[in-house]
Amino acid sequence: MTTLITNIGSLVTNDPALGEGPLGLVEDAALVLEGEKVAWVGPAAAAPAADEAVDAHGRAVIPGFVDSHSHLVFAGDRTAEFNARMSGQPYKAGGIRTTVAATRAATDAELSANVAKYMWEALRQGTTTFETKSGYGLTVEDEARALRIAAEHTDEVTYLGAHIVSPDYADDPAAYVKLVTGEMLDACAPYARWVDVFCEKGAFDGDQARAILKAGQAKGLQARVHANQLTYGPGVQLAVELDAASADHCTHLTDADIDALAQGNTVATLLPGAEFSTRAEWPDARRLIDVGVTVALSTDCNPGSSFTSSMPFCIALAVRDMLMTPDEAIWSATAGGAAALRRTDVGRLSVGARADLVVLDAPSHVHLAYRPGVPLVAEVWRKGVRTV
């Protein structure tokens, strides 16, 4: 079965060989989908015949968003914490403990329903590839069940037993690191693709983070790092040293950190929802991009510091407050997210890519930043099927 989507006003392919600029922009375009894949891309006037034709009515089409950083396996919320923060109290990593208590008390069915709810919420806003983490259980049993539940909903699952030191080990962090790198890792590795650590004051220092990441790598997991969010620290350098797929947050960076990212393979994943929700300093996206660092945008959807599942919202923030151009923000939310997951099959609309695409109720992708807060996602296709 082939499907021709034609009369596309403006098509973002993220393949410069197909069109103009880094976005590979094609005007008056068409796509042919065959099964779950893109089979043809080009001008509408040259489109081949297909079994079915869909008229895009001059609207813009972009690749589905790739959200490479979220925390969806949780219960409860932290409304009171957010209200206090908006009333002047600072954000601290320790607030995670509130969610840990609620998550431990929740049933498997409740946790799975939450993941499904937030993934559907994100899909309606154009996100077709999701990563999500554990990190709100912090016991062997609760971390393993979080990952088992996550794996029922996505292939991109991250073991984050090292979110914070478990309250059960508050007086013995070394014993908790031993648990995270031993029994907990053994129980969790079968469900995960990635290992992550919150390398931050109030969480794990550089030596602890290195031990946790290397233990995960020894079990066949690939590394990613919560790095340099709240303070300057060793997270970014550690991510590059261990060839982590991404260093996430990257708010407080030295020149040496930026040089390391520019020279390595690690993507800098920026999470503007967190800065918005904590009234924190914005990451310097312009500085990173100008020296050639690969940048991704993601939501960091979680109940404490960034309770948004909206990639369009994060794109608007990145353009307004992180000095990215609309083209850069779109690329980072699609191809950049794919790079942060070391995926080549998503984040682009060229021949052979997975047929994940978003039809916007707008003539151009620029409207995602130009019209912030407006529900512009008209259709979402995932694996060649129109799901929204």
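The values are calculated or read from the model by the stated rules, or taken from the named source; none is laboratory data. Nothing here was measured: the structure is a model prediction, and the numbers come from that model. A quick note on method: Cβ atoms are made from the backbone with ideal geometry, for glycine too, and the neighbour counts reach across all protein chains shown. For accessibility, only protein heavy atoms count, side chains too; no ligands or nucleic acids. Shrake-Rupley method; radii C 1.70, N 1.55, O 1.52, S 1.80 Å.
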Report task. Please state, rounded to one decimal and in Å, the Kirkwood hydrodynamic radius that region 54-201 gives when every pair of distinct Cα atoms enters the mean of 1/r. Result -> 16.5 Å
**Report entry** Per-selection metrics, region 299-349 (Cα): Rg and Dmax in Å
**Finding:** 11.7, 34
Query raised in the report: Given region 139-240, what whole percent of its Cα pairs are spread farther than 16 Å?
Result: 52 percent
Requested in this report: Give me D for region 175-304 in µm² s⁻¹, whole number, from Stokes-Einstein with Rh from the Kirkwood sum over alpha-carbon pairs, 37 °C and 0.692 mPa s.
Outcome: 221 µm²/s
Query raised in the report: Which whole-number percentage describes the relative contact order of the chain, with Cα contacts under 8 Å and a sequence gap of 6 or more?
Result: 20 percent
**Report entry** Mean projected area (nm²) of the alpha-carbon convex hull when region 118-185 is viewed from all directions
**Finding:** 4.8 nm²
Query raised in the report: Using the heavy atoms of the protein chains alone and a 1.4 angstrom probe, what is the accessible area of the chain per residue in square angstrom?
Result: 38 Å²
Report task. Could you give the C-alpha radius of gyration of the chain expressed as a fraction of 2.2 N^0.38 Å, taking N as the number of residues it contains? Result -> 0.97
Query raised in the report: To the nearest 20 debye, what is the magnitude of the charge dipole of region 31-92 about its Cα centre, counting +1 on the Cβ of each Lys and Arg and -1 on the Cβ of each Asp and Glu?
Result: 520 debye
Query - Under 14 Å, Cβ to Cβ, from Arg104 - net charge with Lys/Arg +1 and Asp/Glu -1 - result: -4
Report summary line: Descending accessible area (1.4 Å probe), largest on the left, turns Thr387, Thr132 into Thr387, Thr132
Query raised in the report: On average, how much area does the Cα convex hull of region 304-387 cover when viewed from any direction, in nm²?
Result: 6.3 nm²
Report task. In whole Å, largest first, what are the principal axis extents of the Cα atoms in region 35-132? Result -> 58, 34, 19
Query raised in the report: What per residue convex hull volume, in Å³, do the alpha-carbon atoms of region 252-336 yield?
Result: 85 Å³
Query raised in the report: Binned at 5 Å from 0, what are the whole-percent values of the Cα-Cα distance distribution for region 1-89, short to long?
Result: 3, 12, 17, 17, 12, 6, 5, 6, 9, 8, 4, 1, 0
Query raised in the report: Translational D (Stokes-Einstein, µm²/s) of region 68-119 at 10 °C and 1.306 mPa s when Rh comes from the Kirkwood sum over C-alpha pairs?
Result: 130 µm²/s
Query raised in the report: Roughly speaking, to the nearest percent, how much of region 1-128's 1.4 Å accessible area is carbon and sulfur?
Result: 54 percent
Query - Quarter of Cα convex hull surface for region 214-372, i.e. mean projection, nm² - result: 10.1 nm²
Requested in this report: Mind putting together the pair-distance distribution for region 167-206? All Cα pairs, 5 Å bins, whole percent per bin, short to long.
Outcome: 6, 20, 27, 28, 15, 5, 0
Report task. Report the local net charge at Trp282: Lys and Arg +1, Asp and Glu -1, summed over other residues whose C-beta lies under 9 Å from its C-beta. Result -> -4
Requested in this report: Using only protein heavy atoms and a 1.4 Å probe, report how much of Glu110 is accessible, in Å² to the nearest 10.
Outcome: 100 Å²
Report task. Please tell me the relative contact order of region 282-388 in percent, rounded to the nearest whole number, where contacts are Cα pairs under 8 Å and at least six residues apart. Result -> 23 percent
Requested in this report: Count charges around Pro43 for me, please; just the other residues with Cβ under 12 Å from its Cβ, Lys/Arg as +1, Asp/Glu as -1.
Outcome: -2
